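> Sending over a structure as structure tokens; questions will come in a sec.
Nothing in this text is a laboratory measurement; each read-out follows from the coordinates by a stated rule. This structure is a prediction, so every number in the text was calculated from the model and none was measured. Using ideal geometry, Cβ is built from the backbone for each residue, glycine included, and neighbour counts are taken over all protein chains shown.
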Amino acid sequence: MDPADIIEEHVADVAIIGAGLAGLMAARVIAAAGRSVVVLEARGRVGGKTYTRLAADGTPIDLGGQWIGPTQDHIEALALDLGLKTFPTYDTGENIEIRQGERHQYTGAIPTADPQVAMATVEMLLELNLMAQQVPLATPWTAHDAASWDAQTVQHWMESHVQDSAVRILLTQVVRAVFSVEPRDLSLLHFLFYVHSAGNLNQLVSVTRGAQERRFYEGAQTLANRIADALGDRVLLDAPVRMISQDDMGVRIDAGDTLVTAQRAILAMAPTLAGRIRYHPPLPARRDQLTQRMPMGTVIKVQCLYPTAFWRAAGLSGQVLSDEDALGLTFDNSPPSGQPGILLGFMEGDAGRQWSDSDPATRRALVLTTLEKFFGPAAAIPTEYFEQIWAREEFSRGGYAGFMPPGVWTSFGADLLTPCGRLHWAGTETSPIWNGYMEGAIRSGERAADEVLAALT
Ligand SMILES: Cc1cc2nc3c(=O)[nH]c(=O)nc-3n(C[C@H](O)[C@H](O)[C@H](O)COP(=O)(O)OP(=O)(O)OC[C@H]3O[C@@H](n4cnc5c(N)ncnc54)[C@H](O)[C@@H]3O)c2cc1C
């Protein structure tokens, strides 16, 4: 950068790149420890993959991360500290399952009307949960069967271990719902690590007593907004970092017309985003190669608003699991009052890939036709429509999170957390607990902050 182009210059003990929950949490801990900190954020807002917009009547609409659940203690503690409250997700009435051309209604966690399929499903979940418990969370590559589990995809395991086609469909839907990828994309070892990281599969897929249990009254981005408000002018927006240099004296971060020098830096973003930055000297080979090997999932999150949650009167929960629709998973996302009624739908994995670049009117028409098929004619005429295509966000490149295809944990696992000189790594992808979730992001920020504070003293 030509020095004449620099308009803003900052000096701090620590520079943090990325004002998602991970980066902001790290900044909060570092500031509380009495160290100076500057956060550089590429977007014109904080929150990263949490993003809350307001409907015309002021109802908060979460277009990114939204739910929290049991055992997510760090986000719970943070919310308490920030004075933010949650309410339970609507989870009453019958769910709809559309599978192999048939429509069923059911209650409970296992979506099947056939008792034999239900039994085979329970057996598979049990087996996967037991395997997951054998993956050490801090070092998944040291699991006894790591080499074999990381050499295969979930698809491969499913084809050799699951006979019943209905159970295979269900596992495919679980992979889409939890990772927004297809079973053929995902290392079995990563799948098992992730399950263990959240506790177990039931915890991951359940609403009540699971990861989808509660939502924030004011929307999930409020967590980031409140932390950023407290940090004030230490958070720099519209500052996309393009180049990071380090030497014996410190770190120098170039973000367009902003320059920050610091003792240490935390990169608080998914590895694939860190891979888009230039480094001087270049990153160690293994770290750079890791950033080439952790793609993001593909998800479109859609919400339709109605005057009331009319499906409730028909005894429906709003939850649909369909194997034949691009909008394969829906929930009732209404506020506690039930007004407006809000249906939330996801297009994940292949469906996300197919529809992310489509013409908006065609995509919207597809969503409304599908909701009409699920819930009747009233679903075709929403009063408002929101969608967020995460794969088209330059500074997210997809969601829910970065994942590991086969071979990555066993070849590069140790590089996920290892600092490179003065550079430290945060982001939900680095968390051994609730990896991929807001909880994981917060924990990763705390861990990286502790790492840096120890290095500074
Ligand atoms: C549709 C969707 C639904 C989800 N639902 C849930 C849910 O219900 N519950 C849950 O717990 N989790 C959910 N998640 C996941 C959750 O949102 C993420 O795990 C979490 O927000 C990640 O936080 P982070 O700080 O690690 O990363 P991010 O939020 O991605 O933050 C990284 C930040 O770095 C910035 N950045 C990137 N590159 C640069 C650069 N070069 N210079 C400066 N800044 C840069 C980005 O703009 C961003 O602000 C969902 C995610 C999506 C996409």
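> Would you tally the net charge around Tyr306, using a Cβ to Cβ cut-off of less than 14 Å, leaving Tyr306 out, and scoring K and R as +1, D and E as -1? Numbers along the way, then the final one.
Values: positive: Arg312; negative: Asp57, Asp332, Glu372, Glu384.
Local net charge: -3.
> Let me ask you something else. If you line up the long axis of helix 360-375 against the longest principal axis of the chain, both from Cα atoms, how many degrees apart are they, to the nearest 10?
Result, in degrees: 40.
> Another question about this same structure. Calculate log10 I(q)/I(0) of the chain for q = 0.08 Å⁻¹, where I(q) comes from the Debye formula with a single equal point scatterer on each Cα and nothing for solvent.
Here log10 of I(q) over I(0) equals -0.46.
> Using only alpha carbon pairs under 8 Å that are at least six residues apart, calculate the relative contact order of the chain and give it in whole percent.
Details: 976 pairs, mean separation 115.2, N = 457.
For the chain, the relative contact order is 25 percent.
> Further question on the same structure: Taking a temperature of 10 °C and a viscosity of 1.306 mPa s, what whole-number D in µm²/s does Stokes-Einstein yield for segment 111-205 with Rh from Kirkwood over alpha carbon pairs? Please list the in-between numbers first.
Working: Rh = 13.4 Å.
Approximately 119 µm²/s, per Stokes-Einstein.
> Turning to a different aspect of this structure: Quote the convex hull volume per residue of segment 211-361, based on C-alpha atoms, as a whole number of Å³. Spell out each step's value before the answer.
Working: hull volume 29.7 nm³, N = 151.
For segment 211-361, the hull spanned by Cα atoms encloses 197 Å³ per residue.
> Give me Ser337, Ser444 sorted ascending by neighbouring Cβ count inside 10 Å, so fewest comes first. Display every interim value, and only then the final one.
Numbers: Ser337 9, Ser444 31.
Ordered by Cβ neighbours within 10 Å, fewest first: Ser337, Ser444.
> For Gln163 and Thr369, FRET efficiency with R0 = 51 Å and r from the beta-carbon atoms, rounded to 0.05? The partial results should precede the final answer.
Details: r = 34 Å, r/R0 = 0.67.
After rounding to 0.05, the efficiency reads 0.90.
> Could you give the length gained by full extension between Asp114 and Ser411, i.e. 0.36 nm per residue of separation minus their alpha carbon distance, to one decimal place? Before the final figure, lay out each step's value.
Details: separation 297, 0.36 × 297 = 106.92 nm, distance 4.20 nm.
Gain in length upon complete extension: 102.7 nm.
> Moving on to the next point. For an R0 of 41 angstrom, estimate the FRET efficiency from the Cβ-Cβ distance between Thr457 and Ala151 and round to the nearest 0.05. Write out the running numbers ahead of the final one.
On the way: r = 43 Å, r/R0 = 1.04.
So, using R0 = 41 Å, E works out to roughly 0.45.
> If you average the sequence gap of Cα pairs under 8 Å that are 6 or more apart and divide by the length of segment 307-457, what percent do you get for the contact order? Could the numbers behind the result be given before it?
Numbers: 161 pairs, mean separation 17.3, N = 151.
Computed value for segment 307-457: 11 percent relative contact order.
> Taking the C-alpha atoms of segment 326-379, how large are the radius of gyration and the largest Cα-Cα span, Dmax, in Å?
Reported Rg and Dmax, both Å: 12.1, 35.
> With a bin width of 5 angstrom, please list the P(r) values of segment 1-149 as percents of all Cα-Cα pairs, from the 0 bin to the one holding the largest distance.
2, 6, 8, 11, 11, 12, 14, 12, 10, 5, 3, 3, 2, 0, 0
> Got the relative contact order for segment 111-205 handy, in percent, Cα pairs under 8 Å and 6 or more residues apart?
Relative CO of segment 111-205 lands at 38 percent.
> Continuing with the same structure: Exposure proxy check: Ser431, Ser334, Ser160 ranked by fewest other beta carbons within 10 Å? List each step's numbers first, then the result.
On the way: Ser431 27, Ser334 23, Ser160 9.
Fewest to most other Cβ atoms nearby, the residues stand as Ser160, Ser334, Ser431.
> In which sequence would Tyr437, Tyr106 go, from the one with the fewest C-beta neighbours within 10 Å to the one with the most?
Values: Tyr437 26, Tyr106 16.
Placing the least packed residue first, the sequence is Tyr106, Tyr437.
> Let me ask something else. Going Cα to Cα from Lys49, which lysines come in below 18 Å? Please leave out same-chain ones fewer than 8 positions away.
Leaving aside lysines fewer than 8 places away in the same chain, those within reach of Lys49 are Lys301.
> Measure out, as a whole number of angstrom, how far apart the alpha-carbon centroids of segment 397-457 and segment 241-273 sit.
Centre-to-centre distance over Cα atoms comes out at 17 Å.
> With the Cα gyration tensor of segment 149-295 giving a ≥ b ≥ c as the square roots of its eigenvalues, does the rule (a/c under 1.5 for rounded; else a/b larger than b/c for prolate; else oblate) give rounded, prolate or oblate? Please list the in-between numbers first.
Numbers: a/c = 3.39, a/b = 1.61, b/c = 2.10.
It comes out oblate by the Cα gyration axes.
> Can you check what the Kirkwood hydrodynamic radius comes to for segment 214-260, Cα pairs only, in Å to one decimal?
Details: mean 1/r = 0.0761 Å⁻¹.
One decimal place: 13.1 Å for the Kirkwood radius.
> For segment 172-214 and segment 335-356, what is the separation of their C-alpha centers, rounded to whole Å?
Spelled out, the Cα-based centre of one part sits 18 Å from the other.
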